[in-house]
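The values are calculated or read from the model by the stated rules, or taken from the named source; none is laboratory data. The shown structure was predicted, so the numbers you read here are calculated from the model rather than taken from an experiment. No Cβ is skipped: glycine too gets one built from the backbone with ideal geometry, and neighbour counts run over all protein chains shown. Accessible surface is based on the protein model in full, side chains and every heavy atom, while ligands, DNA and RNA are left aside. Shrake-Rupley method; radii C 1.70, N 1.55, O 1.52, S 1.80 Å.
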Amino acid sequence: MLSTLLVEAHEELAPMIAPPWVFALVAAIVFIVLGFVTYSYRDVANRHADKVAEHDAAHGHGGGHH
């Protein structure tokens, strides 16, 4: 009975589809790409500041956001 429990307690690990360093590399690449996407949106609001000022002046707002 003890041998049966020991055999059942030993589980074989499922094989991985790639080595562990591949998963780390994929995660690093995803974070780098997302970082570039975030970086590409820097200063977007200031690019359109003149349009916001024109809109506020045309609609009688004192400036700022709605």
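Values as computed for the structure displayed
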| item | result |
| --- | --- |
| VAL30 of a type in the set (A, V, I, L, M), loosely packed, with under 10 Cβ neighbours inside 10 Å, modelled with pLDDT of 75 or more and assigned to a helix (DSSP H, G or I) | no |
| Test: residue in the range 10-23 that is surrounded by 10 or more Cβ atoms within 10 Å (Cβ to Cβ), of a type outside the set (Ser, Thr, Tyr), modelled with pLDDT under 75 and under 31 Å from the mean Cα position of the chain (by Cα) | no |
| Counted residues, the range 33-44 - those being at pLDDT below 85 and open to solvent by 80 Å² or more (accessible area, probe 1.4 Å) | 1 |
